[in-house]
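**Q** Questions regarding the structure given below will be posed in turn.
The values are calculated or read from the model by the stated rules, or taken from the named source; none is laboratory data. Please read these numbers as outputs of a predicted model, since none were measured by experiment. Virtual Cβ from ideal backbone geometry, glycine too; neighbours counted across all protein chains shown.
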Amino acid sequence: MEMTITEKTLARGAGRKYVKPGEFVDVDIDILGMNDVTSTGAIKLLRKYFNNQIAEDLNIVVTPDHYDHRDIDSAELYKELMGFCEEHRDHKKMWVYPLGENYGICHVMLPQEGHVRPGDIIVGGDSHTCTYGALGAFSTGIGTTEVGNVLATGKLWFKVPESLKIIIKGENPENIMAKDIFLHVVGNIGVDGALYQAMEWEGRPINELNIDEKLTLTNLDIEAGAKSGIIQPDEKVFEYLEGRLKLPLDDSRLVYSDPNAKYASVLEYDISDLPPLVAKPYLPSNVVPASELENVRIDQAFIGSCTGAKAYDLEVAAEILKGNKKARHVRLIVSPATQKIYKEVMQNKLGKIFLDAGAVIWPPGCGACLGAYMGVLASGEVCISSTNRNFRGRMGHRESKVFLASPMTVAASAVKGYIRGAEL
Amino acid sequence: MKDVIVGESYVVGDHINTDAIIPGRYLGKLASVPVEMYPEILRKYAMEDLDPKYPPFLDKEKRCPYKIIVAGRNFGCGSSREHAQIALKGAGIEVVVAPSFARIFYRNCINGAWFPPTESEEDLSKQIATGDELKIIISERKIVNVTKGEEHSSKPFDLLAKNILDAGGLTQYNLRRI
Ligand code: SF4
């Protein structure tokens, strides 16, 4: 039977030769991601019901990235998670990235630190866990009860999703990024357009994207309701993994979609004429060309988050800000996704470009992206943001407005003080 | 899990997201608190950032008069925070009815056994009004609008989802299997 890469991966995890969409499977989890905000209940659950015993073979990556000591409550969350890690320091397969020299946002940390292998099954207590499909893994977000049960059993049930193939064609225009490609698609299919499906991306413009851009594309797939997002791994992926992986590559896990695998549907988009796009409040699917919003005055421009503050995101933003200043009325905030990227920025010319442009450079963390700390919006304020969600209240007051765009568009808008696509 | 739920309905449209159900600024509230206290802590913030076009979900004393949410498509989209289920449960919600749920939200309802995420055959958010008295019989797949004298049906639960709900959630389900 012909299967998609997603079906093959779940079949492998379930110890079966073959699965089909709609079937229920119990799969072995290769990697569990834990953060500060959604782990507290899971830790308590493990203690109360499972003798505080972690499944022996489970690989765990801990990134306390969401709240970072913004107040006493969040300091307690951090302390609890770190205490849990300390208690389980004999669990050999746990990697912990506390606040310090190797810290950062989970979905950038896991690939960066070599925890993602093609063919892996990865779950984490955060909805954007779907990011890791960029490197050929099946990955999806789960809730706290599930995190606790994965900790205890190393397994989780899934209903095998159908796959939705998205074929991108044409030439990548210079002033658009993976963010624009996704916005174009979600603008077309809607925020539930891929509900409980695996979005499988292909086409030459996709293959031409660098790894950071691919990570952006799959990170965003949950915004179309997808269970997971995936790009079949190519040479570039293996080059990226070289010398980075914490666990050895397992060739038997490398799978690809069969040529006649079944898809729920196949959608094609030609992006040759795609202009820079922006998602208006309050849904990521409210997508229009940036050129239609040129009279929207912004109070804040945010370049941050797992979606929009990877090394490449910052390079292109800096390219636009170089020699420019942000508009006087704008708060320009740059928050590199991880400490490694932050260090790069501060030690090379990017840091100077951002500072000369009038930006503040904030440390890594989720912060402004979920309206938790740093860059929180007041009522009536407007932010253009390289993040992934613009729901009401997402970045602050319920009467604030978030417009989602690529880091390029955010940078160009910061300079104008009004929404603008980048002109290169 | 209760099979028959009777109470007032609160009706919302499509794509009600977890940031509206429980805003990110409250996610730190569960540190150093026993699990049993979670619903009591989060209920006060339930639906705080919902579009103001809807009537208030909570009254001035932060009490919720509703037991049933009737929603449009894709209820619970967004974050994986189980704080959303906990906040609604704490507010007194016993069932959510929608033609479709965001998948992580759906799974969290089942795995935490917070309340049954009941998929209606049709979108009822235009046929039922906030304040209508409903009677929902899960096993019979019936959604009865007592106020309007109308009856609708819901889709069956998948067997595994039902078994997990009946066990009282994934933890209890797993404990029985081990
Ligand atoms: S940066 Fe934003 S989207 Fe990414 S993990 Fe943090 S809160 Fe979630």
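**Q** Can you report the number of residues in segment A:304-361 which are crowded, with 19+ Cβ neighbours inside 10 Å and part of a loop (DSSP other than H, G, I, E, B)?
**A** 10
**Q** Find the helices (runs of 4 or more DSSP H) located wholly in segment A:32-146 whose residues include 1 or more that are away from every other protein chain (no Cβ under 12 Å) and among the acidic types (Asp, Glu), and list them. Give the steps one after another, and end with the answer.
**A** Working: elements: A:36-49, A:72-87, A:106-112.
Counting at least 1 such residues, we get A:72-87.
**Q** Tally up the residues in segment B:16-41 that are under 30 Å from B:Val144 (Cβ atoms) and more than 7 Å from chain A (Cβ to nearest Cβ), please. Don't jump to the end; show me each part of the working.
**A** The initial filter retains those residues of segment B:16-41 that are under 30 Å from B:Val144 (Cβ atoms), namely B:16-18, B:20-22, B:39.
Restricting the remaining residues to those that are more than 7 Å from chain A (Cβ to nearest Cβ) gives B:16, B:18, B:21-22, B:39.
Matching residues across segment B:16-41 total 5.
**Q** Condition test on A:Ile303, is it touching a Phe, Trp or Tyr at 6+ places or on another chain (Cβ under 9 Å), aliphatic (A, V, I, L, M) and either without any contact (Cβ under 8 Å) to a residue 24 or more places away in the chain or within 16 Å of the ligand (Cβ to nearest atom) (or both)?
**A** The answer is yes for A:Ile303.
**Q** Search segment A:1-36 for residues being buried (at least 19 other Cβ atoms within 10 Å of the Cβ) and without any contact (Cβ under 8 Å) to a residue 60 or more places away in the chain, and hand back the single one that is nearest to B:Leu175 (Cα to Cα).
**A** So, considering only residues that are buried (at least 19 other Cβ atoms within 10 Å of the Cβ) and without any contact (Cβ under 8 Å) to a residue 60 or more places away in the chain, the one nearest to B:Leu175 (Cα to Cα) is A:Ala14.
**Q** When the residues of segment B:84-103 are filtered to those that are out of contact with any helix residue (DSSP H, G or I) (no Cβ under 6 Å at 6 or more places or on another chain) and within 13 Å of another protein chain (Cβ to nearest Cβ), which remaining residue is farthest from A:Ala194 (Cα to Cα)? Quick ask: steps written out before the conclusion?
**A** Going through segment B:84-103, the residues out of contact with any helix residue (DSSP H, G or I) (no Cβ under 6 Å at 6 or more places or on another chain) turn out to be B:88, B:92-103.
If we keep only those that are within 13 Å of another protein chain (Cβ to nearest Cβ) too, we end up with B:98-103.
Numbers: B:Ala98: 17, B:Pro99: 15, B:Ser100: 12, B:Phe101: 12, B:Ala102: 10, B:Arg103: 11 Å.
Among residues in segment B:84-103 that are out of contact with any helix residue (DSSP H, G or I) (no Cβ under 6 Å at 6 or more places or on another chain) and within 13 Å of another protein chain (Cβ to nearest Cβ), the one farthest from A:Ala194 (Cα to Cα) is B:Ala98.
**Q** Of everything in segment A:362-415 that's crowded, with 22+ Cβ neighbours inside 10 Å and aromatic (Phe, Trp, Tyr), which residue is farthest from the other protein chains (Cβ to nearest Cβ)?
**A** Going through the qualifying residues, I end up with A:Phe403.
**Q** Would you tally the residues in segment B:131-145 being under 23 Å from B:Pro56 (Cβ atoms) and assigned to a loop (DSSP other than H, G, I, E, B)?
**A** Result for segment B:131-145: 2.
**Q** Run A:Lys227 past the list (1) more than 14 Å from every other protein chain (Cβ to nearest Cβ); (2) more than 26 Å from A:Leu314 (Cβ to Cβ); (3) modelled with pLDDT of 95 or more and report the number of the one that doesn't hold.
**A** Single failed check for A:Lys227: (1).
**Q** Could you please give the count of residues in segment B:39-71 that are surrounded by 19 or more Cβ atoms within 10 Å (Cβ to Cβ) and either over 30 Å from A:Gly148 (Cβ atoms) or more than 16 Å from the chain's Cα centre (by Cα) (or both)?
**A** Of the residues in that region, 2 qualify.
**Q** Please pick out the residue among A:Ser257, A:Ser252 that is surrounded by 14 or more Cβ atoms within 10 Å (Cβ to Cβ) and among the small types (Gly, Ala, Ser).
**A** On the way: A:Ser252 fails: surrounded by 14 or more Cβ atoms within 10 Å (Cβ to Cβ).
Every option except A:Ser257 fails the conditions.
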